[in-house]
Amino acid sequence: MSTITDVPYRLEFSVEVPGTPEQVWEAIATAKGMSAWFTPTELEEREGGSLRFVMGPDMDSIGQVTGWDPPRRLVYEEDWAYLMGKDPDALSPLTCEFVVEAHSGGTCVVRVTSSGFGTGAAWESQWWETLKPGWLPHFDKLRLYLAHFAGQEATPLEASATHPGDADALWSAVHTALGLDEGATVDVRGATGTVEHVGERQALVRLTAPVPGVLELYSWGLGDGTATAGVRAYLFSADAADYVRREEPAWQAWLQDLSVRA
């Protein structure tokens, strides 16, 4: 017997991005597009199609496309119970809807709604409180992708390391070591670019050489007296794979060797 109760959760926001509705749709409703600014994605591009967001070992989020009206409206459901490790009858799917509206001047507004129902447990409201600050920064990457790399396929680079202490101290170490001031031209371990955005414990650098792309740096607390610092890059060039093979281990070592002030 189902144990789902009528406890609604809902998050709504809008973002303006460059591009035509067709370009925006390709970025938000295809596997190639989602993988170029969000996370590696597997997606059957049709109503009823399967969906998988590759988040890491034992962390993939699986779901299904439930609304498909290109280039205007996409709806998908993620198996929230599977994602959160809960009883399948305890939680309804996490539903996300994207609505694309063309605006003058070559931009579109994307209206994003995430919603779901749960059991009313305390952890659910805490999880939803972290959804917006965790979800919104990805749309800064979407803007950069559409402005500079629309339609291109990304080669990913990712590395992270965990340190004792809090996330603010760890982020301060990353920020200071790399000079991540918004608008600055920087050299991040041999790659040059411009710091396009600095948020709370997160920064985006648009790389220009030796490979073009978007570099994200971040830190977050793990709730156990430790914090993780990481780098995630989306690279767009024919030789990006060679760059990743060389630089991913080097980024990993750099993150592990960070000196964090207590």
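Using a cut-off of 24 Å between alpha-carbon atoms, which lysines can reach residue 141, once sequence neighbours fewer than 8 places away in the same chain are excluded?
Once the sequence-local lysines are set aside, what remains near residue 141 is 32, 132.
By the gyration tensor of its Cα atoms, with a ≥ b ≥ c the square roots of the eigenvalues, what is the shape of the range 18-77: rounded for a/c under 1.5, prolate for a/b over b/c, or oblate? Numbers along the way, then the final one.
Details: a/c = 2.88, a/b = 1.38, b/c = 2.08.
Since a/c reaches 1.5 but b/c is at least a/b, the shape of the range 18-77 is classed as oblate.
Per the helix-only calculation at 222 nm, which mean residue ellipticity applies to the chain, given -39500 (n - 2.57) for every DSSP H run of n ≥ 4 and division by its residues, nearest 500 deg cm²/dmol? Can you show the working numbers first?
Values: 7 runs with 73 residues, N = 262.
Estimated from H runs of four or more residues: -8500 deg cm²/dmol.
Hey, got a sec? Which GluC sites (Glu not before Pro) in the range 190-223 land in a DSSP loop and have at most 13 other Cβ atoms within 10 Å?
200
Expressed as a whole percentage, what fraction of the accessible surface of the range 1-102 belongs to carbon and sulfur atoms when a 1.4 Å probe is rolled over the protein heavy atoms?
51 percent
Taking 7 Å along the Cα-to-C-beta vector as the label spot, tell me the residue 130-residue 22 distance in nanometres, rounded to one decimal.
Distance between label points: 4.1 nm.
Need one word for the range 170-226: rounded, prolate or oblate. Basis is the Cα gyration tensor (sqrt eigenvalues a ≥ b ≥ c); a/c below 1.5 gives rounded, then a/b vs b/c decides.
Prolate, because a/c is 1.5 or more and a/b exceeds b/c.
Decide, for the chain, between rounded, prolate and oblate: order the square roots of the alpha carbon gyration tensor eigenvalues as a ≥ b ≥ c, take rounded if a/c falls under 1.5, and otherwise choose prolate if a/b is larger than b/c, else oblate.
Taking the square roots of the gyration eigenvalues as a ≥ b ≥ c, the chain is oblate.
Run the numbers for residue 172 and residue 62: contour at 0.36 nm per residue of separation, minus the present Cα-Cα distance, in nm.
36.1 nm
Please work out the average accessible area per residue across the range 140-226, using the 1.4 Å probe convention, and give it in Å².
43 Å²
Quick one: net charge of residue 141's neighbours, Cβ under 14 Å, K/R +1, D/E -1?
Once positives and negatives cancel, what remains is -1.
Each label point is 7 Å from the Cα along the Cα-to-Cβ direction; what then is the distance between the points at residue 109 and residue 84, in nm?
3.1 nm
The values are calculated or read from the model by the stated rules, or taken from the named source; none is laboratory data. Not measured: the values here are computed from a predicted model. Ideal geometry is used to build each Cβ from the backbone, glycine not excepted, and the neighbour counts take in all protein chains shown. Areas reflect the complete protein model, heavy atoms only, side chains present, ligands, DNA and RNA absent. Shrake-Rupley method; radii C 1.70, N 1.55, O 1.52, S 1.80 Å.
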